[in-house]
Amino acid sequence: TQLLEQSPQFLSIQEGENLTVYCNSSSVFSSLQWYRQEPGEGPVLLVTVVTGGEVKKLKRLTFQFGDARKDSSLHITAAQPGDTGLYLCAGARLREYGNKLVFGAGTILRVKS
Amino acid sequence: GAGVSQTPSNKVTEKGKYVELRCDPISGHTALYWYRQSLGQGPEFLIYFQGTGAADDSGLPNDRFFAVRPEGSVSTLKIQRTERGDSAVYLCASSMGQGGNEQYFGPGTRLTVT
């Protein structure tokens with residue numbers, strides 16, 4: 001059973017479309033991070049959210065942490081082929097897990113030109 | 001500055017052999033993590049070092065897996081008597097220190113056990 005459930009698992013869209021990826025859990029997290037991973041490379045950190053209800057923007061990417069700190073979303077506006085990759089959410093629970101991150105299974109995004 | 005580096009990038013070994021995977025963290029990062037990523041999955045935690053000591057090794061799957069970080073910098077993940085099920089990408093990450101959960105990942109070592 002995955003502690004962090006990501007949806008959808010796979011998304012194929014046309015350039016210029018908008019999309020949202022979800023990361024859900026029944027557990028509360030101290031912080032949540034979003035990573036992007038390309039084939040043959042390690043995950044690259046995009047953002048960390050720590051406060052319930054927090055919204056962070058990174059160019060065309062908007063990240064939101066749920067009020068209860070159990071879920072998060074990543075919204076991409078006007079997707080481009082360069083956004084193609086595996087998007088991973090990862091949660092930290094310092095009291096229970098110490099410093100290790102618990103990852104979701106990821107969302108594979110493909111943006112077609 | 002230099003990021004996390006891992007060597008080798010690819011390792012093919014026969015079942016039953018011993019392998020060592022190396023991780024060189026970002027300079028000044030006191031915390032180092034090993035994760036394993038199977039195809040179609042997110043990374044799974046293996047072990048975490050704070051300085052030279054293993055602060056949490058709860059993710060190591062069995063006693064064939066062992067990791068060291070003797071001088072608090074470079075770490076080596078060691079796998080004895082490899083099995084085909086050990087095939088995966090082994091990722092290393094580092095962070096500034098305790099409570100600093102912004103972890104920066106290396107490119108990984110792809111291990112294939114034949």
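Observations, loosely collected:
- By the count of neighbouring beta-carbon atoms within 10 Å, fewest first, B:52, B:30 end up ordered B:52, B:30.
- Segment A:106-113 - phi-based ³J(HN,Hα) in whole Hz, Karplus 6.51/-1.76/1.60, Gly and Pro as x: x, 10, 8, 10, 10, 10, 9, 8
- Distant-in-sequence amide H partners of residue B:42 (H built 1.01 Å from N, under 5 Å): A:105
- Taken along its three principal axes, the alpha carbon spread of the protein assembly as shown comes to 48, 38, 37 Å, from the longest extent down to the shortest.
- Whichever lysines have a C-alpha closer than 21 Å to that of residue B:17, once near sequence neighbours (fewer than 8 apart) are set aside: B:78
- Between segment B:63-106 and segment A:66-113, the C-alpha centres lie 22 angstrom from each other.
- Ascending count of other beta-carbon atoms within 10 Å, so fewest first, for B:32, B:111: B:111, B:32
- Rounded to 0.05, the FRET efficiency of the residue B:18 and residue B:71 pair, given R0 = 25 Å and the Cβ-Cβ distance, is 0.65.
- Protection proxy ranking of B:15-22, B:36-43, A:100-107, by the mean of other Cβ atoms within 10 Å over each peptide's residues and highest first, is A:100-107, B:36-43, B:15-22.
- Taking Cα centre as origin and charging only the Cβ of basic (Lys, Arg, +1) and acidic (Asp, Glu, -1) residues, the dipole magnitude of segment A:5-112 rounds to 220 debye.
- The residues neighbouring residue A:21, those whose beta-carbon lies less than 14 Å from its own, together hold a net charge of -1 under the Lys/Arg +1, Asp/Glu -1 convention.
- Considering only Cα atoms, the convex hull volume of chain A works out to 94 Å³ per residue.
- Whole-Hz ³J(HN,Hα) from phi, Karplus 6.51 cos²θ - 1.76 cosθ + 1.60, for segment A:70-80, glycine and proline x: 10, 8, 8, 9, 10, 10, 10, 9, 6, 4, 10
Every read-out reported here was derived from the displayed coordinates using simple, explicitly stated rules and does not represent laboratory data. Source: prediction; values computed, not measured. All Cβ positions, even for glycine, are placed from backbone atoms using ideal geometry, and neighbour counts span all protein chains on display.
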